[in-house]
Amino acid sequence: MKLIKQNDSAGGLIFKQNQNGKAMKQNYNFGRGFNSNNNIYSEAELDTVLDGFSFIIFGKNWYSSDLIPFLVIEFSNGTRIDISSRGITDSLRLKITNSPDFPNIDAIGLGKHTNAIFSVAFSNNRIYYNGTLIHTLTESQIPANYFSGKIITKIRIGITSDATRFMTMGESTFFNREISQTEISYMHNNLLGNEPLNSVGILSRYLANNAAVNGTDIVYEDVVGTHHQKIIGLPAGTIQEQLDYANSNHFPKFI
Amino acid sequence: MVAKIGIIKAVNFNPENYSEVVRDSFTNVIQGGEDYKVLTAFEHYFNDHFDHVFDTQEGYQEWLEKGVNKTITNVKYDWNNEKAYITIADTNFPGPHEFDCTTTWTDQDCIDAINNKFK
């Protein structure tokens, strides 16, 4: 197999030639990921009225105890979605809590994970783990299209307490609409990853390849919108010291 | 670049003893019922005006755990998963702390579980 060209019109994707002489796309490059440890995490403030809401994330090495959440999404009416786990080989759990409109939905098991890469997606009140539909919330649990018209206020990535825990978030994409199972399967791509099949309605997309300076903050960028993830808990120092530290310690190669 | 964590009792804290770069970055913590100021910063910002400097977060966490307030404030059970969730009065580690559990625990069972976790 040999590299035959770089296709700029396709976003710089690199194509290879297989044995039959046909061009094929090279494996998706996840690049780096954001590593949360030592109480260093990130969050983005939002104020967006949603048409719908869905997300797909890729994680690795999510190690916690006592159900400290790794991902928290908050809405202005108090509703909160979070994903946590008890240990590195325990089941990931998704919760939807604190809504004024329905009782807490506690601890939906997503599957036991190891230190391998995994993906979680949520759309149309359906929950997918590694590209497979594993749970459908009923209308008695949460109304259909519940997030339409709601205001999303925060996306937090990482562990805010307990310095002995850690996690890495690869890329994560949040949509201002519901996404189809076809889109989830395409991005999941047997855990090899892919660009979004349809970039319409992306609220925020974090590739988490490196830290950057944004005003007085150290962030990693929302590559579609403007909701950059501010890195919180970095050691005190000059902005340049914090930038160098973040890039040296918190953006490991994802694969 | 190496980061460290320093603590000083709040009653002895004077911001002018520290670099302007970091003096506003101290946070408050209670350990063993006493108020402390805490700074996480790059090592060259540390001087003699600390009670103790930890090289790692783990070391700092061990120090915090030595002063945990173990007073139990709430106990909940999840019988589907056979878990007990115990909340304590400590400001740093309130929980809920999860334990494996097959029957309702006595008060002493809960105390023993927390004592075992925070030795």
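Assorted remarks:
- Across the protein assembly as shown, the convex hull enclosing all Cα atoms gives 166 Å³ per residue.
- Nonlocal amide H pairs with A:I232, under 5 Å, H built at 1.01 Å: A:Y41, A:S42, A:E43
- For the stretch B:53-119, dividing the convex hull volume of the Cα atoms by the residue count gives 84 Å³ per residue.
- Note on the stretch B:1-77: dipole from Cβ charges, positive end direction compared against B:M1, B:T40, B:G67; the farthest Cα belongs to B:G67.
- B:D107 accessible area, assembled protein chains, probe 1.4 Å, Å²: 120
- Tilt relative to chain B, helix B:57-66 - C-alpha long axis, 0 to 90 degrees, to 10: 60
- Rounded to the nearest Hz, the phi-derived 3J(HN,Hα) couplings of the stretch B:67-78 under the Karplus curve 6.51 cos²θ - 1.76 cosθ + 1.60 (θ = phi - 60°) are x, 5, 7, 8, 4, 7, 10, 6, 9, 10, 10, 10, where x marks glycine and proline.
- Here the contact order of the stretch A:150-202, divided by its residue count and restricted to Cα pairs under 8 Å and six or more residues apart, works out to 26 percent.
- Rounded FRET efficiency, nearest 0.05, which uses the C-beta distance separating A:A107 from B:V53 and R0 of 56 Å: 0.90
- Of A:K230/B:K83; A:K154/B:K37; A:K60/B:K83; A:K60/A:K95, pairs whose Cα-Cα distance is over 31 Å: A:K230/B:K83
- Charge dipole of the protein assembly as shown about the Cα centre (unit charges at C-beta), most positive-ward option of B:F99, A:Y186, A:A107: A:Y186
- Using the Karplus relation 6.51 cos²θ - 1.76 cosθ + 1.60 with θ = phi - 60°, the per-residue 3J(HN,Hα) values for the stretch A:122-130 come to 9, 6, 6, 6, 10, 10, 10, 10, 6 Hz, with x marking Gly and Pro.
- Computed from backbone phi with θ = phi - 60° and the Karplus coefficients 6.51, -1.76 and 1.60, the 3J(HN,Hα) list for the stretch A:240-246 is 5, 4, 5, 4, 4, 5, 4 Hz; x is used for glycine and proline.
- Sequence-distant residues sharing a close amide H with B:T73 (under 5 Å, placed H): B:T87, B:I88, B:A89
- Each of B:E20, A:E195 has its accessible area taken with a 1.4 Å probe; listed largest first, they run B:E20, A:E195.
- Chain B: relative contact order in percent, alpha carbon pairs under 8 Å with at least 6 residues between: 22
- Only Lys, Arg (+1) and Asp, Glu (-1) charged, at Cβ; the stretch B:1-100 dipole about Cα centre in debye: 220
- Charge tally in the Cβ shell below 9 Å around B:F118, where Lys, Arg are +1 and Asp, Glu are -1, B:F118 excluded: +2
- Only helices enter this figure: runs of n ≥ 4 DSSP H residues, each worth -39500 (n - 2.57), summed and divided by the residues of chain B, yield -5500 deg cm²/dmol at 222 nm to the nearest 500.
- A:S248, A:S84, A:S180, ranked by accessible area, largest first (probe 1.4 Å): A:S248, A:S180, A:S84
- Exposure check, 1.4 Å probe, all protein chains in place: A:R80 carries approximately 60 Å² of accessible surface.
- Measuring r between the beta carbons of B:T71 and B:K9 and using R0 = 22 Å, the FRET efficiency lands at 0.45.
- Measuring nothing but how far apart in sequence close Cα pairs (under 8 Å, 6+ apart) lie, relative to its length, the stretch A:46-204 scores a relative contact order of 32 percent.
- For A:T132, the accessible area of its heavy atoms, probed at 1.4 Å with every protein chain present, is near 80 square angstrom.
- Normalised by residue count, chain B yields a Cα convex hull volume of 119 Å³ per residue.
- In this assembly, the B-A interface accounts for approximately 1600 Å² of buried accessible surface in total, computed with a 1.4 Å probe and without ligands, DNA or RNA.
The values are calculated or read from the model by the stated rules, or taken from the named source; none is laboratory data. The model shown is predicted, which means the values in this text are computed figures rather than measured ones. Using ideal geometry, Cβ is built from the backbone for each residue, glycine included, and neighbour counts are taken over all protein chains shown. We work out accessible area using only protein heavy atoms, side chains counted, and drop any ligands, DNA or RNA first. Shrake-Rupley method; radii C 1.70, N 1.55, O 1.52, S 1.80 Å.
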